[in-house]
Structure formats: structure tokens, C-alpha cells
Amino acid sequence: MMTGKTGKRLNEYAGNYVVFDLETTGFSPVKDEIIEISALRVRNGEVKEEFTTLVNPNMPIPYAASRVNGITDEMVEDAPQLSEALAAFWDFAGEDVLVGHNIHSFDLPFLYEGAKKAFCRQMHNNYVDTLYFARTCMPQLGHYKLTDISEQFGIATTGAHRALADCYMNQKCYERLLEIWQKKQEERQQKEGEEEPCCPQCGCILIKRKGKFGLFWGCSGFPDCRYTKNCRQC
């Protein structure tokens, strides 16, 4: 029987955190398998320790997956089983806030499914999805892939789509997003009565946007959250 609740998504900066990334055989947490787990332990903005392991999926890796991440059947033949790899990652992460890009929709469902299969219990770490964080900090961008955000900040994207390289890339992006987030916080504090409210559905910040009928509050978690609110004081 499954025990334990999953963590909550935060839309803020965490000074101490573990940034992680997965590579998988496909897009379905139920039908596909994890083939790589990597993570970085960060303290006060500095990487202190890294973790990385391949995982034996006990199934052939589809060509489409290998073409993206470069991981082959031969590479994972002697790799740890999911239960061993996931237990090691769990020990590494501890109670830290987890940080990753698009983890709300992709990586965490794989972790949760893996924990269910391997341990019949659940990871309950709170987490920050930098996809949502970037939408809050940079609503003007049209694309929010990790490589898009990295290029926006002038961060090298060499090695993209391997888990450890993506962890380092995302950690740098998260710290740069912090600078924008702090500036927005200061600007909000200077505007009396103009502080953006939080979305009652997902907790993300509501942002003033212009639509067909004028200004309105829109959730920064769009398109996953489509909550809107009339902007009566705009």
C-alpha cells in the first residue's frame, strides 16, 4: 500500500537545494523507465557535491531516446537497478527542496512512479520547477526550454540532454533567475497596493496582462494553470 504524500510546488528561491534531472526511455512514467539520474547539492548558491548514475531499465532503449540523450543499451548493461539507484538519490537529496526544469510534469512523475514500484512509499520533498519560475521572472519570453533560458543568460548549452550537464546548466539559470526575482520583489514592495496576488489554484504569482478586453490578472503558471481574474484596479 502506498504511503506518504508528495511535496508542494514552490514559486520562490531556495538558498539550499538539490537540483536534479532524469533521462528516460520515453515520456510515460508508467510505461517507460528511468535510465539516468543526476543531481547537485547546492548551498548558498554554490555547488558542493554531485551525484550521477546510469540505471538499467531492463528493457531495450528505443532509438528515439538514444538519439536525444546518447545513452545506449551497452552503457546501462551493468548499471544499478532502479531500486538501488533511486535509494542512492533519495539519500543524496535528503529533505532538501528539489529544483529542476519541467519536473512538475515530467521528472517528478517518474520519481513518484519509481518510488511506488521500488519502495511502496513516496518522496515528499517540496520543489521548485524552473519552468514556472522562469515564466514568473521572464513573462516576455516566448519559449521556455532549458536551452532557451540558458541562451538568454549566455550560459553554455554543451552536453544538453545528459542529466548531469542539464543539472549544471539549470543551476546557473536558477541563480540568474534569482536576480530577476529579487528585483521584482523589491519593485512590488515599492508599489503600494500594486502587489501581485497569488493564484488560488496553483500558488503561482498572478501577473497583469493585456487582453482583448483590457488588462487582467493571469497566472504565471500558464498554460498548465489557466486561472484569470478581473483587474479592476488597473
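Which of the residue pairs LYS31/LYS116; LYS5/LYS145; LYS184/LYS208; LYS5/LYS31; LYS208/LYS229; LYS31/LYS117 have a Cα-Cα distance greater than 18 Å in the structure shown? Violating the 18 Å limit, Cα to Cα: LYS5/LYS145; LYS5/LYS31. In the stretch 85-234, the portion of solvent-accessible area held by carbon and sulfur atoms comes to 47 percent [1.4 Å probe, whole percent, DNA, RNA and ligands not counted].
Give me the 1.4 Å probe accessible area per residue for the chain, excluding ligands and nucleic acids, in Å².
54
Take every pair of alpha-carbon atoms less than 8 Å apart whose residues are at least six positions apart; their mean separation over the length of the stretch 82-168 yields a relative contact order of 26 percent. Calculated [222 nm] ellipticity per residue, helices only, for the chain: -10500 deg cm²/dmol; basis is -39500 (n - 2.57) per DSSP H run with n ≥ 4, divided by all residues, nearest 500. Under the combined filter of DSSP loop state and at most 16 neighbouring Cβ atoms within 10 Å, the stretch 94-151 retains these GluC sites (Glu not before Pro): GLU95. Mean sequence separation of contacting Cα pairs (under 8 Å, at least six apart), scaled by the length of the stretch 35-128, corresponds to a relative contact order of 23 percent.
The values are calculated or read from the model by the stated rules, or taken from the named source; none is laboratory data. Please read all numbers here as calculations on a predicted model, not as lab measurements. Reconstructed Cβ throughout: ideal geometry from the backbone, glycine too, with neighbour counts over all protein chains shown. What goes into the accessible areas is simple: the full protein's heavy atoms, side chains included, and nothing from ligands, DNA or RNA. Shrake-Rupley method; radii C 1.70, N 1.55, O 1.52, S 1.80 Å.
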